Amino acid sequence: MHKLETARLWLRPCGLEDLERAQALWTNDRVRHFLFDDRLISPEEARSFVETSLADFSQCGYGLWLVFAHDTDQLVGFVGFLRTGEAAPDLIYGLHPDYWGVGYATEAVDAVMRHAFENLGLAKVKADVDEPKRGSVRVLEKLVVSLIFRDEQAPG
C-alpha cells in the first residue's frame, strides 16, 4: 500500500481520522512559522489539505504521510508531495520542534523520495525552503548528495 518504513520511522497516509492531530502540528507556533508564514490555518483548511491528499494518493500514489517514531509511536511530523498541476509535485515536510535536529526529517524525506522515484517512476520533484530555516536547507542538501551518490552507484 502507501505505508513506508525506515530504520527509525514509519509513515502512513494522513486520513480524516488524523485531522485533529495534523492541525495541531500544522498550527504549532514553531512549525507554522515556516509552513504557513506564521498563519493559523482553520479546521476547514486542514480538512481540505487532508481530503486533497487522500485524493492524490488515490490518483497519483502520493500525498501527505504522517511520520511516527518506532520506539514511541509518537507523531513526529509529516512529509509528502503536493500536486500543483505541473509535471513535478512539490515536496513538503515539517516536524514537531521536539524532534528537530536528530535526523528524522532527512530520513522521512529520503523515504518518500525513494518511493517517488523507485515505485512511482517520477522523474522529478520540486522543493522550496524558506532560506532562514537552515535545518531544512541542510536536509535537502543531504538528500541531493544521497540521490547523486545512489545514481552513480546504480548498475548500468
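The values are calculated or read from the model by the stated rules, or taken from the named source; none is laboratory data. Since the structure is predicted, the reported quantities are computational estimates derived from the model, not experimental observations. Positions of Cβ are backbone-derived with ideal geometry, glycine not excepted, and every protein chain shown enters the neighbour counts. Heads up: the accessible areas ignore ligands, DNA and RNA and are worked out on the full protein's heavy atoms, side chains in. Shrake-Rupley method; radii C 1.70, N 1.55, O 1.52, S 1.80 Å.
Numbers below:
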quantity: Sole exception among (1) touching a strand residue (DSSP E or B) at 6+ places or on another chain (Cβ under 8 Å); (2) within 19 Å of Val125 (Cβ to Cβ) for Gly61, by number; calculated: (1)
quantity: Subset of segment 90-100 (residues that are surrounded by fewer than 19 Cβ atoms within 10 Å (Cβ to Cβ) and farther than 21 Å from Ala55 by Cα); calculated: His96, Pro97, Asp98, Tyr99, Trp100
quantity: Segment 1-29, residues that are in contact (Cβ under 8 Å) with a residue 12 or more places away in the chain and either farther than 23 Å from Asp110 by Cα or in a helix (DSSP H, G or I) (or both); calculated: Leu16, Asp18, Leu19, Arg21, Ala22, Gln23, Leu25, Trp26, Thr27, Asn28
quantity: Selected residue (only one of Thr27, Thr52 is closer than 23 Å to His115 by Cβ and hydroxyl-bearing (Ser, Thr, Tyr)); calculated: Thr52
quantity: Filtered residue count, segment 30-45, keeping only those that are touching a helix residue (DSSP H, G or I) at 6+ places or on another chain (Cβ under 9 Å) and not in a loop (DSSP other than H, G, I, E, B); calculated: 7
quantity: Test: Ala55 is part of a helix (DSSP H, G or I) and in contact (Cβ under 8 Å) with a residue 40 or more places away in the chain; calculated: no
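Every residue, every condition in (1) in a loop (DSSP other than H, G, I, E, B); (2) open to solvent by less than 60 Å² (accessible area, probe 1.4 Å); (3) of a type in the set (Asp, Glu); (4) modelled with pLDDT of 90 or more, yes or no:
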site: Asp71; (1), (2), (3), (4): yes, no, yes, no
site: Val76; (1), (2), (3), (4): no, yes, no, yes
site: Phe81; (1), (2), (3), (4): no, yes, no, yes
site: Ala88; (1), (2), (3), (4): yes, yes, no, no
site: Val102; (1), (2), (3), (4): yes, no, no, yes
site: Ala111; (1), (2), (3), (4): no, yes, no, yes
site: His115; (1), (2), (3), (4): no, yes, no, yes
site: Leu147; (1), (2), (3), (4): no, yes, no, no
